[in-house]
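Below is one structure; the comments refer to it alone.
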Protein chains: 2
Amino acid sequence: MSTPIETPHPNPADLRLATVLAALADPARLSAVRALAAIGESPCTELQQAAGLTISRSTFSHHQRVLREAGVLKVRVDGARRMLSLRRDDLDAYFPGLLNAVLATAPERIGTR
Amino acid sequence: MSTPIETPHPNPADLRLATVLAALADPARLSAVRALAAIGESPCTELQQAAGLTISRSTFSHHQRVLREAGVLKVRVDGARRMLSLRRDDLDAYFPGLLNAVLATAPERIGTR
């Protein structure tokens with residue numbers, strides 16, 4: 001009997017703006033979200049590369065968890081791979097315009113001063 | 001000779017999305033920003049009342065400082081009063097749609113679960 005990998009996702013009814021903003025309030029996580037919007041559902045390694053994040057696997061895994069627990073992205077287990085995608089419909093339904101604002105910001109305006 | 005009250009504000013060129021999101025990522029600060037958008041430039045005490053925040057003066061002062069240092073609001077000293085207002089033009093110029101997304105979110109979706 002195999003044990004399924006635990007990847008809890010909050011229900012749409014439980015998404016909250018303060019939590020989503022806190023999850024997004026990090027340059028590395030903003031880069032990951034913007035890359036994910038650009039390339040669509042992707043395995044972790046591919047997304048990390050697309051986002052240009054030269055960070056450790058465990059740090060990326062932490063960021064992925066923060067975004068998942070806030071309801072920003074979902075994780076689908078596909079064999080040995082974890083496929084990540086944005087919860088675009090939920091975000092647009094409950095926080096209209098928020099994701100678009102994050103995507104519309106100029107790259108040089110994202111990060112730390 | 002009087003010493004002016006120190007109220008440093010970041011230049012528009014120094015505003016960053018990650019910093020603004022971090023400042024907004026708190027239910028009390030979100031309530032203050034939404035109330036400020038609704039009532040316009042106001043003294044601290046009036047804003048705190050409009051936002052329905054039953055918190056200490058020092059806690060509100062802390063929230064006000066976080067929002068000011070991120071570039072979300074500005075403080076104008078008017079005699080003994082500190083007048084607060086949103087930096088709406090700067091936010092709209094550099095993070096198009098962000099403030100509107102914050103204002104468009106349903107009240108029950110703001111806070112903690």
Practice item. Determine the share of chain A's accessible area contributed by carbon and sulfur atoms, expressed in whole percent, with a 1.4 angstrom probe. Key: 51 percent
Study note, to complete from the structure: With only helices counted (DSSP H, runs n ≥ 4, each -39500 (n - 2.57)), the per-residue ellipticity at 222 nm for chain B, to the nearest 500, works out to -14000 deg cm²/dmol
Exercise for review: Would you please classify the overall shape of the range A:49-113 from the alpha carbon gyration tensor, given that a ≥ b ≥ c denote the square roots of the eigenvalues, rounded means a/c under 1.5, and beyond that prolate means a/b larger than b/c while oblate covers the rest?
Suggested key: oblate
Check your understanding: What does the accessible area of B:HIS9 come to, in Å² to the nearest 10, when a probe of 1.4 Å is used?
Key -> 60 Å²
Review point. Rounded, prolate or oblate: which one fits chain A, using the alpha carbon gyration tensor with axes a ≥ b ≥ c (rounded when a/c is under 1.5, else prolate when a/b beats b/c, else oblate)?
Key: oblate
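Which whole-number percent is the relative contact order of chain A (Cα, under 8 Å, 6+ apart)?
Relative contact order of chain A: 31 percent.
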Review point. What residues in the range B:21-67 lose 20 Å² or more of accessible surface when the other protein chains are added to their chain alone (1.4 Å probe)?
Key: B:LEU21, B:ALA25, B:LEU30
Check your understanding: Using the alpha-carbon centroid of each, what span in Å lies between the range B:20-89 and the range B:93-113?
Key -> 15 Å
Review point. Quick one: label points 7 angstrom along Cα→Cβ at B:GLU41, distances to the other copies in nm, smallest first?
Key: 5.2
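Net charge within 11 Å of A:LEU47 by Cβ-Cβ distance, Lys/Arg positive one each and Asp/Glu negative one each, not counting A:LEU47 itself?
For residues surrounding A:LEU47, the net value is 0.
In square angstrom and rounded to 100, what buried accessible area do you get between chains A and B, total over both, with the probe at 1.4 Å?
2500 Å²
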**Study point:** A:CYS44 accessible area, assembled protein chains, probe 1.4 Å, Å²
**Key:** 30 Å²
Practice item. State to the nearest 20 debye the size of the charge dipole of the range A:5-99 about its Cα centre, where the only charges are +1 on K and R beta carbons and -1 on D and E beta carbons. Key: 180 debye
Check your understanding: How much accessible area per residue does chain A have, in Å², with a 1.4 Å probe?
Key -> 51 Å²
Practice item. Between the label point of B:ALA80 and that of the same position in each other copy, find the distances and list them shortest first in nm, with every label point placed 7 Å from Cα along the Cα-to-C-beta direction. Key: 7.3
Check your understanding: What are the distances, in nm and sorted shortest first, from the label point of A:ARG57 to the label points of the same position in each other copy, with each label point placed 7 Å from Cα along the Cα-to-Cβ direction?
Key -> 5.6
Revision key, fill the gap. With Cα springs under 10 Å, the Gaussian network model of chain B assigns the largest mean-square fluctuation among B:THR54, B:THR45, B:THR19 to B:THR54
Review point. What does the charge dipole of the range B:51-113 about its Cα centre add up to, to the nearest 20 debye, if the Cβ of each Lys and Arg holds +1 and the Cβ of each Asp and Glu holds -1?
Key: 280 debye
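The values are calculated or read from the model by the stated rules, or taken from the named source; none is laboratory data. If you're wondering where the values come from, they're calculated on a predicted model, not measured in any experiment. For neighbour counting, all protein chains shown are included, and Cβ atoms are generated from backbone atoms with ideal geometry for every residue, glycine included. For accessibility, only protein heavy atoms count, side chains too; no ligands or nucleic acids. Shrake-Rupley method; radii C 1.70, N 1.55, O 1.52, S 1.80 Å.
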